[in-house]
Amino acid sequence: MDLSQIYNTGYEVIFTAFSGILTAQIIKCIVFLIVKRKIDLILFTTTGGMPSSHSAGVMGLSTAVGLINGFSSVEFAISLGFACIVMYDAAGVRRAAGKQAACLNKIIMDIYKQDLAEAGGKLKELLGHTPMQVFVGAAYGVIYAIGVHNMFQRFLA
């Protein structure tokens, strides 16, 4: 499959969405390294953190659809609606679940005197995103999709 079979097709949309998620996860590890001065490759496979890879992926997908089919197309409207739901969930529901997990972990540690294994293990606290993490991920996804689309276009010119 050559580049001309990918450009302006669904393959470009899929490539943009998944590579946007992948690069956002890499950026998340780099941001952690800069801020904490530690390497934590586990972050590459986890949810939460800066930037939101969920937001980057869905906004990259929506932007790619808009660039290919037009920003007034039904496909763009559907993808943007999907993106809004994912981003709302990341900043709302999953963030609240992470806060509840932190409270439950504290309660369990107080009851079991620091032995979380006895209580079934520690609950995952970093589930969701702050609104800023979602916004930065979304902005990254839009910029990334425009960059990928322009890169494909230049290689075919």
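Would you confirm, using the coordinates I've provided, whether Leu33 is modelled with pLDDT under 95, part of a helix (DSSP H, G or I) and surrounded by 13 or more Cβ atoms within 10 Å (Cβ to Cβ)? Don't jump to the end; show me each part of the working.
Working: modelled with pLDDT under 95: yes; part of a helix (DSSP H, G or I): yes; surrounded by 13 or more Cβ atoms within 10 Å (Cβ to Cβ): yes.
It is true that Leu33 is modelled with pLDDT under 95, part of a helix (DSSP H, G or I) and surrounded by 13 or more Cβ atoms within 10 Å (Cβ to Cβ).
Among (1) open to solvent by less than 40 Å² (accessible area, probe 1.4 Å); (2) more than 30 Å from Leu3 (Cβ to Cβ); (3) at pLDDT 75 or above, which single condition is Ala101 missing?
Ala101 satisfies every listed condition except (3).
Among the residues of segment 2-28, count how many are assigned to a helix (DSSP H, G or I) and either in contact with an Asp or Glu (Cβ under 7 Å, 6 or more places away or on another chain) or modelled with pLDDT of 90 or more (or both).
Residues of segment 2-28 assigned to a helix (DSSP H, G or I): 3-5, 10-28.
After this cut, where a residue has to be either in contact with an Asp or Glu (Cβ under 7 Å, 6 or more places away or on another chain) or modelled with pLDDT of 90 or more (or both) as well, the list is 10-27.
Number satisfying all stated conditions: 18.
Just to be sure I understand the filter: pairs with C-beta atoms under 9 Å, separated by 6 or more residues or on different chains, first member in segment 69-84 and farther than 14 Å from Gly57 by Cβ, second member open to solvent by less than 60 Å² (accessible area, probe 1.4 Å) and assigned to a loop (DSSP other than H, G, I, E, B). Which pairs pass?
Final answer for the pair search is Phe76/Gly70.
Would you pick out the residues in segment 120-154 that are modelled with pLDDT under 85 and either under 20 Å from Ser62 (Cβ atoms) or open to solvent by 40 Å² or more (accessible area, probe 1.4 Å) (or both)? Show your work before the answer.
Going residue by residue through segment 120-154, those that are modelled with pLDDT under 85 are 120-131.
Once the filter is applied, which keeps residues that are modelled with pLDDT under 85 and either under 20 Å from Ser62 (Cβ atoms) or open to solvent by 40 Å² or more (accessible area, probe 1.4 Å) (or both), segment 120-154 yields Gly120, Lys122, Leu123, Lys124, Glu125, Leu126, Leu127, His129, Thr130, Pro131.
Is it the case that some residue within segment 41-62 is open to solvent by 50 Å² or more (accessible area, probe 1.4 Å), closer than 19 Å to Ala90 by Cα and hydroxyl-bearing (Ser, Thr, Tyr)?
Looking for residues that are open to solvent by 50 Å² or more (accessible area, probe 1.4 Å), closer than 19 Å to Ala90 by Cα and hydroxyl-bearing (Ser, Thr, Tyr), one finds at least one in segment 41-62, hence yes.
The values are calculated or read from the model by the stated rules, or taken from the named source; none is laboratory data. Bear in mind that the values here come from a model prediction, so they are computed numbers and not experimental data. Methodologically, a virtual Cβ is constructed for each residue, glycine included, from the backbone with ideal geometry; neighbour enumeration extends over all protein chains shown. Remember, those area values only see protein heavy atoms, side chains included, never the ligands or the DNA or RNA. Shrake-Rupley method; radii C 1.70, N 1.55, O 1.52, S 1.80 Å.
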